[in-house]
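Asks: First the structure, which I've put down as structure tokens, then a few questions once you've had a look.
The values are calculated or read from the model by the stated rules, or taken from the named source; none is laboratory data. From a predicted model like this one, the values you see are computed outputs, not experimental measurements. Neighbour counts are summed over all protein chains in view; Cβ atoms, including those assigned to glycine, are modelled from backbone coordinates with ideal geometry. We work out accessible area using only protein heavy atoms, side chains counted, and drop any ligands, DNA or RNA first. Shrake-Rupley method; radii C 1.70, N 1.55, O 1.52, S 1.80 Å.
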Amino acid sequence: MANEEKRSLTLRDVSEASGVSEMTVSRVLRNRGDVSNATRQRVLKAAKELGYVPNKIAGALASKRVNLVAVIIPSLSNMVFPEVLGGISQVLEETDLQPVVGVSDYRPEKEEKVLYEMLSWRPSGVIIAGLEHTEAARAMLNASGIPVVEIMDVDGKPVDAMVGISHRRAGREMANAILKAGYRRIGFLGTKMPLDHRARKRFEGFTEALAKNGVEIAQKEFYSGGSALAKGREMTAALLDRDPDLDFLYYSNDMIGAGGLLYLLEKGIDVPGQIGLAGFNGVELLQGLPRRLATMDSCRREIGIKAAEIIAAQARGEDTDMITELTPKISYGDTLKRR
């Protein structure tokens, strides 16, 4: 009957289906003990046909850990983080560890709640985006007793390990490239900074490098919400309406930069002659645009790979580098002159 109460499968069900003892079934499913290959295959076949999934939480009561790695990121809609997850999965699929993902929506209080719930399952490690957390979240990470890798950023002090790029350095390098190309009336377009710490650090590095060369940001346009082509078009139009003499637009990410590029091309504006453009992240989408937007790769897949390697190495009891700074490079594309 449809409303009949469902019963969870047990070791006994697998034992009866395979014709071996429950103890032998347990040994096979935990990959422990001396069991012949023929018996092992018979047990695994029976478990698969039944749809049996071992209760690893129960098994973890003795070890105090489950083979899960908590991965906490700010967004799934942002094109950056799926590539980070791809790097993490690539490494962990070769181990007994399994990533479980939580999303914070760039909200510190939500990150704290997600972290609390994930740590309650006693994972074998934590990979978490950023270095800025609430006091309570930082206390939980410090007290967790498991490997913690903070990713995407190295401009700060980690709880345990960190893997990422220096966003301040990235901002400085882009500013220097723009100035070297001869641009001087520069506008900045990006997300509101308080919750996106990495964008804030890039902006700080960018403005510091400009200031050292006697240049100030001529115009700024900020927004809340996700990165979108339509938002980039809208912001670019608003900025140029206020100041038509701008000769360069620096976007905090590629998505709004791509929207700005499409708007300018539609208006027949000479890019990069009359106005130059640059974004950040190096997302694959840029390859499909009429012109290649200048950008800087954020090394996202490499970050995911290295973070997972640290977790896996520590799970095996091996020593590993605790701080890894990757070096992004500027891609000039078709929107930033080179001199």
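Asks: From the set of residues in the stretch 132-151 that are open to solvent by 10 Å² or more (accessible area, probe 1.4 Å) and either modelled with pLDDT of 95 or more or assigned to a loop (DSSP other than H, G, I, E, B) (or both), which is nearest to ILE310 (Cα to Cα)?
Replies: Only one residue tops the list, namely PRO147.
Asks: Has the stretch 305-313 got any residue that is farther than 30 Å from GLY182 by Cβ and without any contact (Cβ under 8 Å) to a residue 12 or more places away in the chain?
Replies: yes
Asks: Among the residues of the stretch 202-229, what is the count of those that are surrounded by 17 or more Cβ atoms within 10 Å (Cβ to Cβ) and in a helix (DSSP H, G or I)?
Replies: Going through the stretch 202-229 one residue at a time, the tally reaches 8.
Asks: Sticking with this one: Starting from residues that are more than 13 Å from PRO147 (Cβ to Cβ) and touching a Pro at 6+ places or on another chain (Cβ under 9 Å), keep the ones in the stretch 107-131 and report whichever is surrounded by the most Cβ atoms within 10 Å (Cβ to Cβ).
Replies: My answer is ALA129.
Asks: I'm trying to understand the selection: among the residues of the stretch 275-293, which are over 25 Å from the mean Cα position of the chain (by Cα) and farther than 17 Å from ALA177 by Cα?
Replies: PRO290, ARG291
Asks: I've got another one for you. Specify which of the listed residues (ARG184, ARG172) is over 25 Å from ASP319 (Cα atoms), surrounded by fewer than 19 Cβ atoms within 10 Å (Cβ to Cβ) and at pLDDT 95 or above. Talk me through it step by step, then tell me what you get.
Replies: Values: ARG172 fails: surrounded by fewer than 19 Cβ atoms within 10 Å (Cβ to Cβ).
When all the criteria are applied, what remains is ARG184.
Quick grid of which residues meet (1) over 33 Å from the mean Cα position of the chain (by Cα); (2) surrounded by fewer than 16 Cβ atoms within 10 Å (Cβ to Cβ); (3) at pLDDT below 90; (4) within 30 Å of MET140 (Cβ to Cβ):
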{"position": "SER26", "(1), (2), (3), (4)": "yes, no, yes, no"}
{"position": "ASN31", "(1), (2), (3), (4)": "no, yes, yes, no"}
{"position": "ARG42", "(1), (2), (3), (4)": "yes, no, no, no"}
{"position": "VAL80", "(1), (2), (3), (4)": "no, no, yes, yes"}
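Asks: Exactly one condition in (1) open to solvent by 10 Å² or more (accessible area, probe 1.4 Å); (2) without any contact (Cβ under 8 Å) to a residue 24 or more places away in the chain; (3) not in a helix (DSSP H, G or I) is false for ASP155; which is it?
Replies: (2)
Asks: Is it the case that the stretch 217-237 has a residue that's charged (D, E, K, R), over 20 Å from HIS133 (Cα atoms) and in contact (Cβ under 8 Å) with a residue 60 or more places away in the chain?
Replies: no
One line per residue, one yes/no per condition, for (1) crowded, with 24+ Cβ neighbours inside 10 Å; (2) in a helix (DSSP H, G or I):
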{"residue": "GLY164", "(1), (2)": "yes, no"}
{"residue": "ALA177", "(1), (2)": "no, yes"}
{"residue": "LYS231", "(1), (2)": "no, yes"}
{"residue": "THR236", "(1), (2)": "yes, yes"}
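Asks: Next question. Would you confirm whether any residue within the stretch 97-105 is at pLDDT below 90, in contact with a Gly (Cβ under 9 Å, 6 or more places away or on another chain) and farther than 30 Å from GLY257 by Cβ?
Replies: no
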